[in-house]
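Reviewing the structure listed below.
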Number of protein chains: 2
Amino acid sequence: MSSSPLLANLIEALRCLPGVGGKSAQRMAFHLLERDRERGLKLADALREAMQRIGHCGRCRNFSEEPLCTICAGSSRDRQLLCVVESPVDLAAIEQATGYRGQYFVLHGRLSPLDGLGPEELGLPQLAQRLGEGEVEELIIATNPTVEGEATAHYLAQLARAGGVRPTRLAHGVPLGGELEFVDRGTLAHAFGGRQLLE
Amino acid sequence: MSSSPLLANLIEALRCLPGVGGKSAQRMAFHLLERDRERGLKLADALREAMQRIGHCGRCRNFSEEPLCTICAGSSRDRQLLCVVESPVDLAAIEQATGYRGQYFVLHGRLSPLDGLGPEELGLPQLAQRLGEGEVEELIIATNPTVEGEATAHYLAQLARAGGVRPTRLAHGVPLGGELEFVDRGTLAHAFGGRQLLE
Ligand SMILES: [Zn+2]
Ligand SMILES: [Zn+2]
């Protein structure tokens, strides 16, 4: 029996967070109530704003609350390099592990006909158009080294060649069957630096 | 570099949760944005309501958004039994592990003069008054089996005797130097059932 319906409600709501079970949710709720209400309120605001206002960048499809994300809107990134990733979490891993200074394109998935994910859903017409504009010289294909990720990489390489763009793939070093976001920084940085031309 | 200031803000805010570091916070934020915005908004509401509206029950000092918590306000709990705990998380552990049907009193701490925690801060005058009202027959002292918890138990036993109330302490079985909330349910239930009269 809980002494407070609002507390029971908070504990239940915290379980929407990945990796948080009943026991952790309870500890989180008690911790915030006893020691950190100010930051609890800040988290409430941050959540509401993020859930309501964050959409997708019109150019790279990464998360952004503006029509263009800060990476696409800035002038400091090399526009001749374009790195394609499956998800924003992969983009974050590359940003944190490597010194990459080019731009990105986020698929939000991988080619998977059975799940209804085709070229249209992944924004590939938009990517093809961008490759055709002539600014991009190298397309760095950083899809995950899984079966579907490899098939997607193959498709992307054809798209690049059709646009006169050099397709490259991350070097060996990324373990087969793994997910980029779980690769340690050193390995990812090495694989990124040693990316190879797709023949 | 983050593509979205609101996203960076959310990741930072999630780190107020105990046990959540930078990497987990990032995974939580991406998960909510990609798959669970509805529940993310519900969590924002639950957090705001809890942080702003939950105070302390006027009778047992446990968390409550009403003047009396649901345990104190209800008529189903035995008013002759009163269990004293250091914190709401201990109360929750006892509720979940035992079949206890009495009432509670929450100290929100333990006697610790060096930290400025004396009888006043722990609500002991209020507890003494309640013990003097004649309704309570047994005071179950469930402070943690630490040095300060034992000293607090000793003080509470004297308070009980002064009010003509029988003080009991949880049976051996709770490991010395441990914290109640980390004790497994079976041990806690056993210790609770076998509580002993303090001589
Ligand atoms: Zn962008
Ligand atoms: Zn109460």
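Details
- Residue match in segment A:146-164 (condition: in contact with a Leu (Cβ under 9 Å, 6 or more places away or on another chain), farther than 26 Å from A:T187 by Cα and outside any helix (DSSP H, G or I)): yes
- Checked against the criterion of being on the phi < 0 side of the Ramachandran plot, modelled with pLDDT under 95, surrounded by fewer than 23 Cβ atoms within 10 Å (Cβ to Cβ) and not aromatic (F, W, Y), the candidates B:D36, B:D90 yield just one match: B:D36.
- Qualifying residue in segment B:5-25 (condition: open to solvent by 60 Å² or more (accessible area, probe 1.4 Å) and touching a residue at least 12 places away in the same chain (Cβ under 8 Å)): yes
- Taken across segment A:19-41, residues that are facing another protein chain (nearest Cβ under 10 Å), in a strand (DSSP E or B) and away from ligand 2 (no atom under 16 Å from the Cβ) do not occur at all.
- Among the residues of segment B:103-122, those identified as in a loop (DSSP other than H, G, I, E, B), open to solvent by less than 50 Å² (accessible area, probe 1.4 Å) and within 16 Å of ligand 2 (Cβ to nearest atom) are B:L107, B:L122.
- Residue in segment B:10-26 that is under 26 Å from B:R166 (Cα atoms), β-branched (V, I, T) and away from ligand 1 (no atom under 16 Å from the Cβ) present: no
- Every test in (1) out of contact with any strand residue (DSSP E or B) (no Cβ under 7 Å at 6 or more places or on another chain); (2) within 21 Å of A:A93 (Cα to Cα) is passed by A:Y155 save one, and that test is (2).
- Only residues that are more than 7 Å from chain A (Cβ to nearest Cβ) and either open to solvent by 40 Å² or more (accessible area, probe 1.4 Å) or within 16 Å of ligand 1 (Cβ to nearest atom) (or both) were counted in segment B:53-80, giving 13.
- For segment A:55-93, the set of residues classified as more than 25 Å from A:G149 (Cβ to Cβ) and of a type in the set (A, V, I, L, M, F, W, C) consists of A:L68, A:A73, listed by residue number.
The values are calculated or read from the model by the stated rules, or taken from the named source; none is laboratory data. Just so it is clear, the model here is predicted, and its values are computed rather than measured. We place every Cβ from the backbone using ideal geometry, glycine too, and count neighbours over all the protein chains shown. Please note that ligands, DNA and RNA were not included when accessible areas were found on the heavy atoms of the full protein model with its side chains. Shrake-Rupley method; radii C 1.70, N 1.55, O 1.52, S 1.80 Å.
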